[in-house]
Amino acid sequence: MTGWMTRSQAPGAAGRAGGQLTRAWQWLGRHDHNYAALRRAGRAAIIMPLMFALGDKVIGNADVATFAAFGSFAMLLLVDFSGPMRERVAAQAALVVAGSVLVCLGTLASRAIWLAVASMVLVGFAVIFAGVISSVLAGATTSLLLAFILPVTLSGPASSVPARLAGWGMAGGVSVIAVALLWPAPAQDPLRAAAARACRALAARLRAEVTHLLNPDEASFALDHSRAVAAADDAVMALHRGFLATAYRPTGLSTAARTVVRLVDELNWLNAIVIQSAKRPAGSPVVTAACAVKVAAAAVLERGADLLAVTGGEAGELHAAMAEQAAARMRMEQDAMTRLPVRPLPPGSGPAASGLVSERITALDPSFRAQELSFAVSQIAGNIDLTAAAERRSWPDQLLGRQPAGISGALSAAGERAAAHVDRHSVWLHNSVRGAAGLGLAVLVAHLTGAQHSFWVVLGTLSVLRSNALSTGQNVVRGMLGTVAGFVIGAALLAVIGTNTTLLWILLPFAILLAGVAPAAISFAGGQAGFTLTLVILFNIIQPAGWRVGLLRVEDIALGCAVSLVVGLLFWPRGARAAFRQALADAYTDSASYLASAVVFGMLRCDSSQPPAAAPDGDAVRAAAASRRLDDTFRGYLAERGAKPVRLADVTSLVTGVAGLRLAGDAVLDLWRRDDGTAVGDRAAARQELLQRSELVRAWYADFAGCLIDWHEPPEPLAPDQAADGRLVQAVRRDLLGEDGKASATAVRMIWTGDHLDAARRLQAAVTERARAAAIENSPGWLG
């Protein structure tokens, strides 16, 4: 009976054990997305002991063993490149080569304290700042820094370079193979997939909107439209959340990566345009030509989503959809010219003729919204087309850097990104200077104090230094607690097993696995505990010293944490929060100036008495640079610990307003580049009206930027000016009508330019409301 019960209970016990393992696996999956940390830790737990054993037991060289072990740690645990396997392997190989150069430089600089400190500052700044160029470089920052920190703090003669390089090269070569063969993560591009979903959702929204407009009495169509609106809003919001989820801009220097990342702002802007285009006065007629443009735009978005779903697909269907959209837009423009009211205004009429003026301005409003939407969709489709073209390039073209027509090369893009942050208000520049100063000071302190393992001091500084003093202080506490915990665990293990190297070799992979998984699954402190335990075991294998190794690590990490705290207090202690207002103000100022410059370009282009105008490329670059700085500052603000004094919705709306303003400048520029300049008339009055209006808009945003920097009540939004609208239409009618009495294409572009400026004016109410809400929530100091 007893035996039967034991046998019958055995499956139950096994089932309970299996259930516990399943729950543990599910818990890890919730904390470690896609098991990325477990993949890295698993590779390192296998490779690092093997490389260490090869260097220590087979080759018998301490330098080879040390650099093979820490090289494996740096290249397998501290970095995990994403994208297609070909790109991952190439990035891993480049990391091996770059790390090898840094190992050589660090060794040569280690002989003199002043040279070690100076070189650490220079290399630290260069490596950290280079992260702004590419997400690949940003993700490899810690690994590259370790490649220099290790040799520069382990002083050695030039003759030690070959052994150190051999250790690093062994680890690097095996890391490339491990990344490709040991549990490779599936190729994923979350930003690209989210952009494709947003394209499909916006296409469905446009189709549902047109169906509802043409069948206003059908309740089912109204319900379908409401559902499509909600789905599109969710999809665009998910794209934006994914874009901001990483600590750095998720894009590399590859052509495809650069074109895909542009879709984020463009799809956000398109969604805002679609929202505006759905608004129409009750009883106003449906403009079928505008509806046709929306349907054609929906087809473009659908074909674009199809192309994003594959790598290097053929763009024939997208090109056909784009051609149909262009034809629909042309038909709509012709229709708009015939619908522009042409009967003269009463003599001497002014604001009193507001009804007639309103008729003339709103006559083009549905067409303007469709034109604005068509331009946004064309921008999106153009970037998707470039993405596919870049992926279809042959290997020789890719190796030689031959780009598809219409996009700059990787070096040019890198220069633009770096130049955008050569600005005294750039948070990325602040972080680079802070990090370089902290690492240089840590090297100096380690040398002056004679720390036995001086690289631990520098690693301690690197681990806890953050963008502001508060975050650094919090990480100091967590780092010290984790280090002490790791020391206690290591001391307890050594008390039990002594210096039995066989047991230490057996425990080493498990300690590495813990060090790799703990930061993601437990906490930063847990990761520090795992790393400390790994070092205690590793150094007791090299030279048995018992628990004293752990105590030395605690002392050295304490020194490193103290350095971090001092540097954090001295260099921009308030972090991204304090810089955010300035970045936001610069972005609004530069974007508004770009819009005004685009209007000036259009007005000069349509003036036959003036030489051909040059496009405002300089203003476009400045606006893009300011937007990029704002993006990185916003990421830093979101990443900083502590409660946010302002609702995230308010801050996000202020940030996305910048993109709408800048892209409106792009739209005006595109509008006038298509003008053939053949309309009759001197156009002087219409030009003057638009120039005055653009200057008013630019000046308002300059004033608004001032209130963001030094908080004061934001200016009241500019009110609609019906008298100015009347003057514009009257000037267009008088100067720009064709011989048949119909408005010319130039006349319509004049009106649409006014509409773009009016859209920028309407944006003022939204950003003012958000700024006031932020000021109230964070009184008396706004955002810091």
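Checking the condition of a type outside the set (D, E, K, R), under 27 Å from residue 622 (Cβ atoms), modelled with pLDDT under 75 and under 20 Å from the mean Cα position of the chain (by Cα), which residue from 405, 420, 410 passes?
410
Where in the stretch 64-183 are the helices (runs of 4 or more DSSP H), entirely inside, with at least 1 residues that are open to solvent by 60 Å² or more (accessible area, probe 1.4 Å) and of a type in the set (Phe, Trp, Tyr)?
Fully inside the stretch 64-183 and qualifying: 113-130.
Out of everything in the stretch 675-704 that is of a type in the set (Lys, Arg) and open to solvent by less than 70 Å² (accessible area, probe 1.4 Å), what residue ends up being modelled with the highest pLDDT?
Step by step, filter the stretch 675-704, then rank; the result is 693.
Is it the case, given these coordinates, that residue 191 is under 26 Å from residue 245 (Cα atoms), in contact with a Phe, Trp or Tyr (Cβ under 8 Å, 6 or more places away or on another chain) and either open to solvent by 40 Å² or more (accessible area, probe 1.4 Å) or not acidic (Asp, Glu) (or both)?
The answer is yes for residue 191.
Just to be sure, is residue 631 at pLDDT 85 or above and either open to solvent by 20 Å² or more (accessible area, probe 1.4 Å) or under 24 Å from residue 131 (Cβ atoms) (or both)?
Numbers: at pLDDT 85 or above: no; either open to solvent by 20 Å² or more (accessible area, probe 1.4 Å) or under 24 Å from residue 131 (Cβ atoms) (or both): yes.
It is false that residue 631 is at pLDDT 85 or above and either open to solvent by 20 Å² or more (accessible area, probe 1.4 Å) or under 24 Å from residue 131 (Cβ atoms) (or both).
Go through the residues of the stretch 425-434 one by one and say whether even a single one is at pLDDT 80 or above, open to solvent by 10 Å² or more (accessible area, probe 1.4 Å) and polar (S, T, N, Q).
There is at least one residue in the stretch 425-434 that is at pLDDT 80 or above, open to solvent by 10 Å² or more (accessible area, probe 1.4 Å) and polar (S, T, N, Q).
For residue 240, indicate whether it is in contact with a His (Cβ under 8 Å, 6 or more places away or on another chain) and in a helix (DSSP H, G or I). Quick ask: steps written out before the conclusion?
Details: in contact with a His (Cβ under 8 Å, 6 or more places away or on another chain): no; in a helix (DSSP H, G or I): yes.
Spelling it out, it is not the case that residue 240 is in contact with a His (Cβ under 8 Å, 6 or more places away or on another chain) and in a helix (DSSP H, G or I).
What are the residues in the stretch 705-733 that are at pLDDT 75 or above and in contact with a helix residue (DSSP H, G or I) (Cβ under 6 Å, 6 or more places away or on another chain), if any?
Step one: of the stretch 705-733, the residues at pLDDT 75 or above are 705-709, 713-720.
Those that are at pLDDT 75 or above and in contact with a helix residue (DSSP H, G or I) (Cβ under 6 Å, 6 or more places away or on another chain): 705, 708, 709, 714, 715, 717, 718.
If a residue must be within 14 Å of residue 305 (Cα to Cα) and surrounded by fewer than 16 Cβ atoms within 10 Å (Cβ to Cβ), how many such residues does the stretch 194-219 contain?
Adding up the residues that qualify gives 0.
So, residue 592, is that one under 23 Å from the mean Cα position of the chain (by Cα), in a helix (DSSP H, G or I) and modelled with pLDDT under 75 or not?
So residue 592 does not fit the description; no.
Within the set of pairs 6+ apart or on separate chains, which have a first residue in the stretch 193-214 that is within 14 Å of residue 300 (Cβ to Cβ), a second that is open to solvent by less than 20 Å² (accessible area, probe 1.4 Å) and of a type in the set (S, T, N, Q), and C-beta atoms under 7 Å apart?
Hits for this filter: 202/271.
Inside the stretch 497-544, can you point out the residues that are open to solvent by 10 Å² or more (accessible area, probe 1.4 Å) and polar (S, T, N, Q)?
499, 500, 501, 502, 523, 528, 543
The values are calculated or read from the model by the stated rules, or taken from the named source; none is laboratory data. The shown structure was predicted, so the numbers you read here are calculated from the model rather than taken from an experiment. FYI the Cβ positions are ideal-geometry reconstructions off the backbone, even for glycines, and counts take in every protein chain you see. Calculation scope for accessible area: heavy atoms of the full protein, side chains included, ligands and nucleic acids excluded. Shrake-Rupley method; radii C 1.70, N 1.55, O 1.52, S 1.80 Å.
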